[in-house]
Amino acid sequence: MEPASGTASIEAVHLLTVGPFPRLLAEELTARLSREVGVPCRLLDEAAEIKPQILPERAQVHADDLLRQLEALPIEKGTKLVGVTLLDIAIPIFTFVFGRSRLGGPATLVSLARLKPEFYGMPADPAVTVRRGVAEILHEVGHNLELKHCRNYSCLMYFSHDVETVDLRGLSYCSSCAPLLPAGFLATGRRRF
Amino acid sequence: MTADESNAQQPALLIVDDEPIVQQSLADWFRSDGYDVDSAGSAKEALRKVAEGRYDIALVDIKMPGMDGLELQSRLAEVAPDLTIIMITAFASVDSAVKALKAGAYDYVTKPFDPDELSHLVRRAVEHRSLRSENIRLKESLEAIAGSPTIIGASPAMRRVLELVGAVSETDATVLIRGESGTGKELVARAVHNQSPRRYNPMVVVNCGALAEGVLESELFGHEKGAFTGAQYRHKGKFEMADGGTIFLDEIGAITKKVQVELLRVLEDKVVTRVGGQTPIPIDFRVIAATNQDLEAMVEADDFREDLFWRINVFTIEIPPLRERSGDIPLLAEHFLGQFCLAMNRRASTITPEAIEVLSAYSWPGNVRELENAIERAIVVGKECVVHSEDLPVRVSGGADREVPGSSLADIERTHIHNTLVGMGWNISKAAEALGVDRGTLYNKIKKYGLQRPPDGAG
Ligand SMILES: [Zn+2]
Ligand SMILES: [Zn+2]
């Protein structure tokens, strides 16, 4: 089948954990993600060559440096690589970011550090963390699949700078964005109502 | 519509910073947030650009070699008095930022930027200039999704509900939606919101019953960083998120007296203060509340504040239980069947007349949600593309909905209380007397066992 738009195509999503990451959480994240997308999602073994760099004078990982390291890994054609981490990530000019990716790029980076309710002093809830993680992954992979930000606050591609907006967005691409995704990327068996 | 496709009306930003990395990152970031962005590496370049082009907002680094930000600010004020100037400063030089404010700068931000603060500040500056209200921008992209959600029903009872939705949605009145659980109260709330002038802003859903008290305060009103142990970052409350839109307070009867007091104050003043915060935040919201509880009885039992009750009980929409609109059952069943088949990638199937009869005869204590689940289950267990009566859950196909009394004490107590309540026509005082308990105790038992008074009060 022809992709719906441009040259973007996707056959698989591979998850790779970076830094300390409970196996169970990684599996849960992969399982939850595969319910949303129509292509196979697989959890890879850790990559020893990935070495997170700390931002000078800040107890945070340099997100753009880490993204470059992920992009440099051998990534199969048609596969999007998603680096997930519990480390707090940031870039020099911003105090934090939830995730990073390049338009049309082969890899994305998502941190769960500030998606966890505990970070805000709220009771721990792994289900909430996983749902937000999946939402951020779908947003960043959306950029990899050449989607830009969307003005619709209920769309996954809405630009969110806080976790409250991540929650408000939900888990769907809007009716303007969804058709721009490659055919087969969205799960067809998904309950959408 | 993506950011780049929007027309030339988007606000034009000029970023003035001598560090190329800051220039580049900020430009990329604002561009992806839908702004028209240009940058300058020095004050001189900034002056040239402003003389040649039109900018709405300039972000100016205070510390630059040569002419610094403060001097640039005063020059810009001469050549482009309309330009909104935001100063960029390091933590160490907040003093000069204050100087800049005195000289007419709109505000300042410190490096490294908190993305949320920066975005908020620039958006506020844009709104301040009333270049283009968020509403207008949203209208273009949201018209598509603002259609009515599916409320299925052709029965007179549901037609009445839809009429009420239509009538109240054009107003800004507070709405109280009442109905048993599973009747689709959120769907009705969404219909009200989506037909209201607020539809371009979010409807924020709060399930008051699902949250503990300490958390509910934070959820509703937000909290500041460090407000309590573990709060490493501020948290915005649901009211803040509902600014311009609607807040849907589901299961409003579940909130404690303490939160009721605070809620009432917020509803009256339309201002929230985050927990641990000082600054009151004005918020423009509409309230839709919902409950399956007997709020009048709760007021009587002193479990629900009377003043809050009257504040939310302005315009009531009563959703009838499914058993009172059994004529809608075939329609709903077909609707769910269609949706599930689509979602499960199955060929469209049908429901046998016999199965329709079974569905129509059942009393559906779990209402529309139970019907939805029964249809989903039938599609999963059914082998063909046809729903037969034997594919339906036993409790449905059994035809009867007799309460099967269990043998545990709790089961017996529940049945006894239920029967007494029905016998006393749900008069709480009389039933409490007959049971030999006080009203508060009875009320707690009713809550515990999820007993529900039929909406017509006929018992
Ligand atoms: Zn993005
Ligand atoms: Zn969208």
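The mean number of partner chain beta-carbon atoms within 10 angstrom of a residue's beta-carbon across peptide B:235-247 is 2.
Charged neighbours of B:MET158, selected by a Cβ distance under 14 Å, balance to +1 (K, R count +1; D, E count -1). Loop only per DSSP, at most 12 neighbouring Cβ atoms within 10 Å: give me the trypsin sites (Lys or Arg not before Pro) in segment A:77-152, ordered by residue number. Answer in residue order: A:LYS77.
Peptides B:14-21, B:96-103 ranked from most to least packed give B:14-21, B:96-103, packing being the mean of other C-beta atoms within 10 angstrom over each peptide's residues. Axis angle, to the nearest 10 degrees, between helix B:257-269 and the longest C-alpha principal axis of chain B: 50 degrees. Working note: Karplus 6.51/-1.76/1.60 with θ = phi - 60° gives segment B:43-48 the couplings 4, 4, 5, 4, 4, 5 Hz, where Gly and Pro are set to x.
Per-residue shielding of B:198-205, expressed as the average number of other chain Cβ atoms within 10 Å of the residue Cβ, stands at 2.
Derived scalar couplings between HN and Hα for segment A:20-37 equal x, 7, x, 4, 4, 5, 5, 5, 4, 4, 5, 5, 5, 5, 5, 6, 8, 10 Hz in order, rounded to whole Hz, by the Karplus curve 6.51 cos²θ - 1.76 cosθ + 1.60 (θ = phi - 60°), x for Gly and Pro. Close amide H contacts of B:ASP107 (hydrogens built in the peptide plane, cut-off under 5 Å, sequence separation of 5 or more or a different chain): B:MET87. Close amide-amide hydrogen proximity is noted between A:VAL37 and A:ALA187, each under 5 Å apart and 5 or more residues distant or on a separate chain (H modeled in the peptide plane; Pro and chain starts excluded). With θ taken as phi - 60° and the Karplus curve 6.51 cos²θ - 1.76 cosθ + 1.60 applied, the whole-hertz 3J(HN,Hα) list for segment B:117-127 is 5, 4, 4, 5, 4, 5, 4, 5, 5, 5, 5 Hz, x standing for glycine and proline. Once backbone amide H atoms are built at 1.01 Å from N, B:PHE113 has A:PHE94, A:THR95 as its partners under 5 Å, excluding neighbours fewer than 5 places away on the same chain. Exposed loop sites are taken as GluC sites (Glu not before Pro) in a DSSP loop (any state but H, G, I, E or B) with at most 13 other beta carbon atoms within 10 Å; the longest stretch of chain A without one runs A:77-193. Under the criterion of Cα pairs below 8 Å and six or more residues apart, the relative contact order for segment B:156-320 equals 34 percent. Treating the angle as unsigned and between 0 and 90°, give the value, to the nearest 10°, between the Cα long axis of helix B:329-343 and the longest Cα principal axis of chain B. Its long axis makes an angle of about 50 degrees. Percent relative contact order of chain A, based on C-alpha pairs within less than 8 angstrom and at least six residues apart? Once normalised by length, the contact order is 24 percent. Here the accessible area is traced with a 1.4 Å probe on the protein chains. For segment B:156-320, carbon and sulfur cover 49 percent of it. Summed over qualifying helices (DSSP H, 4 residues or more, each -39500 (n - 2.57)) and divided by its residue number, the protein assembly as shown shows a 222 nm mean residue ellipticity of -11500 deg cm²/dmol. Extending 7 Å from the Cα toward the beta-carbon at both A:ALA47 and B:ARG323 defines two label points whose distance is 6.0 nm. Between B:ILE21 and A:ILE54, what is the spin-label point distance in nm, taking each point 7 Å from the Cα along the Cα→C-beta axis? Going by the 7 Å Cα→Cβ label model, 1.7 nm. The residues packed around A:CYS155, meaning those with a beta-carbon under 13 Å from its beta-carbon, carry a net charge of +3 if Lys and Arg are +1 and Asp and Glu are -1. Among residues other than B:ARG274 with Cβ under 11 Å from its Cβ, the summed charge is 0 (Lys and Arg +1, Asp and Glu -1).
Solvent exposure of the protein assembly as shown, expressed per residue, is 45 Å² of accessible area, with all protein chains present and a 1.4 angstrom probe. Over segment B:3-142, Cα pairs under 8 Å with separation of 6+ residues give a relative contact order of 20 percent.
Looking at chain B alone, DSSP beta bridges between its own residues are antiparallel in about 10 percent of cases. Hey, what angle do you get for helix B:439-449 against the long axis of chain B, alpha-carbon based, 0 to 90 degrees rounded to 10? Helix B:439-449 sits roughly 90 degrees off the main axis of chain B.
In this assembly, the A-B interface accounts for approximately 3900 Å² of buried accessible surface in total, computed with a 1.4 Å probe and without ligands, DNA or RNA.
The trypsin sites (Lys or Arg not before Pro) of segment B:320-356 meeting both criteria, a DSSP state outside H, G, I, E and B (loop) and at most 12 other C-beta atoms within 10 angstrom of the site's C-beta, are B:ARG347.
Mean per-residue shielding of peptide B:334-344 is 2, counting Cβ atoms of other chains within 10 Å of each Cβ. DSSP assigns beta bridges within the protein assembly as shown; of those with both partners inside it, close to 15 percent run antiparallel. Of B:HIS223, B:LEU264, B:TYR233, which is farthest towards the positive pole of segment B:202-279's charge dipole, taken about the Cα centre with +1 and -1 on the beta-carbons of Lys, Arg and Asp, Glu respectively? Of B:HIS223, B:LEU264, B:TYR233, it is B:TYR233. Chain B: longest stretch without exposed GluC sites (Glu not before Pro) (DSSP loop, at most 14 other Cβ within 10 Å), sites themselves excluded? Here the longest run is B:171-383.
Starting from the Cα-Cα distance between B:HIS120 and B:GLN232, subtract it from 0.36 nm times their residue separation and give me the gain in nm to one decimal.
Result: 38.3 nm gained on full extension.
What are the lysines whose alpha-carbon lies under 24 Å from the alpha-carbon of B:LYS448, with same-chain residues fewer than 8 places away excluded? Once the sequence-local lysines are set aside, what remains near B:LYS448 is B:LYS185, B:LYS257, B:LYS258, B:LYS430.
The values are calculated or read from the model by the stated rules, or taken from the named source; none is laboratory data. The structure presented is a predicted model; accordingly, all values stated were derived computationally and were not measured. Counting neighbours? That spans all protein chains shown, and the Cβs are built from the backbone with ideal geometry, glycine included. We work out accessible area using only protein heavy atoms, side chains counted, and drop any ligands, DNA or RNA first. Shrake-Rupley method; radii C 1.70, N 1.55, O 1.52, S 1.80 Å.
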